[in-house]
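Chemist: Sending over a structure as structure tokens; questions will come in a sec.
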Amino acid sequence: MTSPPLSPGTLADRFEALGRFLRAVERHLPAEALADARTLVAQGATRLRLSTEQTVVALAGSTGVGKSSLFNALARMELSAPGHLRPTTADAHACVWGQDGADELLAWLRIDPTRRFARESVLDAEDEAPLRGLVLLDLPDMDSVVVEHRVESDRLVDVVDLLVWVLDPQKYADVSVHEGYLRHMGAFRDVTVVVLNQVDRLTPADTARCLADLALLLEADGLPGVPVVATSAVTGDGVGELRTLLEKVVSGRQAALVRLEGELDAAVAAFTPLVGPDIAEDAVGRDLIGDLADEFAAASGVSAVASEDGRVYAQRVALPGWPLVRRRRVTRSNVPSAQPAAVGVAIRHLADRAAAGLPPPWPERVRAAAGAGGSTLPDELGRALSDARLPRRRQWGWRVLRALWWLALAAVIGGAGWLAWRLVGEARGQPVAEPPSVGGVWVPLLMIAAGGLVAVLILLVGRPLAVARARRARGRAERRLVDATASVARDNVIAPVRGVLRDYADARVALAAASPPSEIHH
């Protein structure tokens, strides 16, 4: 067994962390890839909740290898009927040394109450005390012709604490045993024992040869160094050695924890390629959002739309004759639709940058999340730009300026007309009254001078001011439109991508917590 002793609390925390990992990746991996790990988490949590004072040991093997005879020999009682030519163990039998806390465990193992036997009694005194806490199972044959027997055997093989694989001289090299079972038990090497039973049929030399051959096969199976015991239920040879080994396992109270740790380590190792470098909390930060918004803006023709809004503003403040803009009708229907190809390229750029350095399947999941709304994004952008157009407010200041312009123009025209009327009258010899004067200057001349001065001032001051205001309006329109594209980008691309990256970060942290304490994930 391992040293220092394993802690149930530590293992429980690791199983809980593996559960968090599974929840973090469940939206990104197929359900079948997580099914075994989910079962492991459920079984591990249950086994840790049950008493670890009991150690469940199962005798597993093929038909006729003598499991039931060995079971009886270890129990020192006839509890399970042996058979050599056909499967006689249809249901698992259990022999329990010490009943305290075992009933709930046996119920979880689904051992029929009629197949449960209590080994210790007052007649045994303390003879069986070294095995107190042992739950020994005699499993149905793993190669039984009855499917239900094989299913029951496989079910219990998956949950017991320690496995004793019982082989015989004829079947110890059976391919179905090695390739179907032993070759997949590398993670459980510390809770695996192999028994070569029925050695009473062999000479000592043949027994040594079979044991050496079996050791090579086990090494090829990835189980080097597992205990191998030669036994005979008929003569009793090796039974004491096996019993002593079981006494040591039971006294350590670690087999259940070692088995669970082995399965947990194997699951973590299988998932480790799914996590890689750490990612910053702002992996999709302001720079990436800004770049995506700029690409969306370019794909949507934001500059052209902002220019249109600037021209609309200029038209609303322009006076007749100002060479400010070419006067034409501009409507909100002039908003160009976003180019789908350009939008798609922008999304791919963002996804590639956000997922840089991540192991599979995360880059693919980031791209899928980023492009989930790709078919509707051009329309979303079009609607956002339409809603972000500058509002058409009444320009009261410019209305007053325009009124002054017309008033000044009327004064000039009125004064000039007045003087022209007087000149025409004089030319015809008609008596014409002299225009009134102010300070010795005729009023028509004052009208022309004042009106002309005001008009010139409006041209010199108002027009540059109008041009500057129109330019600011264009800038304001462009900012509103870029903000609108950024909002679409955040809601439809950035948020889903951040969700995937958050799942990756959670999965990475959870898997690190589920890993063996000695391992450090970079």
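The values are calculated or read from the model by the stated rules, or taken from the named source; none is laboratory data. Owing to the predicted nature of the structure, the values given are computational and were not obtained by experimental measurement. Cβ atoms come from the backbone with ideal geometry, glycine included; neighbour counts cover every protein chain shown.
Chemist: Pairs, please: C-beta under 8 Å, at least 6 apart or cross-chain, first residue not assigned by TED's automatic domain parsing to the domain that holds VAL456 and in the range 405-431, second of a type outside the set (Val, Ile, Thr)?
Modeler: Filtered contacts from the range 405-431: no entries.
Chemist: On to the next question. Looking at VAL228, VAL234, VAL268, can you tell me which residue is assigned by TED's automatic domain parsing to the domain that holds VAL65 and at pLDDT 95 or above?
Modeler: VAL228
Chemist: Please enumerate the residues belonging to the range 83-102 that are at pLDDT below 90 and under 16 Å from VAL164 (Cβ atoms).
Modeler: Correct list: THR89 only.
Chemist: Further, regarding this structure: Can you tell me which condition ARG38 does not meet? The list is (1) modelled with pLDDT of 95 or more; (2) crowded, with 21+ Cβ neighbours inside 10 Å, and all the others hold.
Modeler: The single condition ARG38 does not satisfy is (2).
Chemist: For residues that are of a type outside the set (Asp, Glu) and within 30 Å of ALA35 (Cα to Cα), scanning just the range 271-327, find the one that is modelled with the lowest pLDDT.
Modeler: The qualifying residue modelled with the lowest pLDDT is ILE279.
Chemist: Just to verify a result, which residue in the range 144-166, among those that are assigned to a loop (DSSP other than H, G, I, E, B) and under 41 Å from the mean Cα position of the chain (by Cα), is surrounded by the fewest Cβ atoms within 10 Å (Cβ to Cβ)?
Modeler: ASP158
Chemist: Looking only at residues in the range 389-413 that are surrounded by 12 or more Cβ atoms within 10 Å (Cβ to Cβ) and in contact with a Lys or Arg (Cβ under 8 Å, 6 or more places away or on another chain), which one is modelled with the lowest pLDDT?
Modeler: In this case the residue turns out to be LEU390.
Chemist: Kindly establish whether LEU134 is buried (at least 17 other Cβ atoms within 10 Å of the Cβ) and more than 14 Å from GLY61 (Cβ to Cβ).
Modeler: yes
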